[in-house]
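Taking it in order: structure first as structure tokens, then the write-up.
The values are calculated or read from the model by the stated rules, or taken from the named source; none is laboratory data. Please read all numbers here as calculations on a predicted model, not as lab measurements. Positions of Cβ are generated from backbone atoms using ideal geometry, with glycine treated the same way; all protein chains shown enter the neighbour counts. Side chains included, ligands, DNA and RNA excluded: accessible areas come from the protein's heavy atoms. Shrake-Rupley method; radii C 1.70, N 1.55, O 1.52, S 1.80 Å.
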Amino acid sequence: MQLETKYNGTITIGENEKILFEQGIPAFEDETEFVLLPLQEGTPFFVLQSTKTVDVAFIVIDPFQYVPNYEIELPNATIEQLGIEKKEDVAIFTILTIREPFTETTANLQAPVVINVKKRKGKQLVMSASPYKTRHAIFKPLKEAK
């Protein structure tokens, strides 16, 4: 299938690459099929691209690479909804809000994207009773990084 994307131009994907979000993503409930694509080779950034609407594409990262203490506990309802059998079948991503300068980019740690990579099903899990923020800074200021 040919897919027009926001960041990668026109690409070819197979049916087995689609990820079903049965309830969509909050504020994008009509968008139920996505693909996960590398934003650019050699970077830790991915694009969660809608297969329906070109402009619905979220830049995502593996939050564990940026927030070492990050923890989430999946509710039983999410485990059942996504058909999760083993933790190895789960991939977790967080949606970024890109800012200028790029070092001020933030991640939504309060609502991770959970994907059962084996069954190709996903969901954005909104954790309302969470210590995490929707705009968590992921890059340390340069003076702290030294």
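What to note about this one:
- Linear extension gain, Lys119 paired with Ala137, 0.36 nm per residue minus alpha-carbon span: 3.3 nm
- Ligands, DNA and RNA left out, the accessible area of the chain computed with a 1.4 Å probe is 51% carbon and sulfur.
- Computed 3J(HN,Hα) for the stretch 13-28, one whole-Hz value per residue from the Karplus formula 6.51 cos²θ - 1.76 cosθ + 1.60 where θ = phi - 60°, is 10, x, 4, 6, 8, 6, 10, 8, 10, 3, 9, x, 10, x, 6, 9, glycine and proline marked x.
- Additional length obtainable on full extension of the chain from Asp89 to Tyr7, 0.36 nm per residue less Cα span: 26.8 nm
- Amide H contacts of Thr134 (H built 1.01 Å from N, under 5 Å, at least 5 apart or other chain): Gln110
- 27 Å Cα-Cα threshold exceeded, pairs from Lys52/Lys118; Lys6/Lys123; Lys6/Lys87; Lys52/Lys86; Lys18/Lys86; Lys6/Lys86: Lys6/Lys87; Lys52/Lys86; Lys6/Lys86
- For the stretch 128-134, 3J(HN,Hα) per residue [Karplus equation, 6.51 cos²θ - 1.76 cosθ + 1.60, θ = phi - 60°, Hz, x = Gly/Pro]: 5, 9, 10, x, 7, 9, 7
- Projected label distance in nm at Thr103 and Glu73, using a 7 Å step from Cα toward the beta-carbon: 3.7 nm
- For Ile95, distant residues with modelled amide H under 5 Å away: Asn108, Val113
- Selected from Ala27, Ala57, Ala111 as most flexible by GNM, with the chain as the system and alpha-carbon contacts under 10 Å: Ala27
- Using a probe of 1.4 angstrom and keeping all protein chains present, the accessible surface of the chain works out to 60 square angstrom per residue.
- In the chain, inverting the average of 1/r over every pair of distinct C-alpha atoms gives 16.0 Å as the Kirkwood radius.
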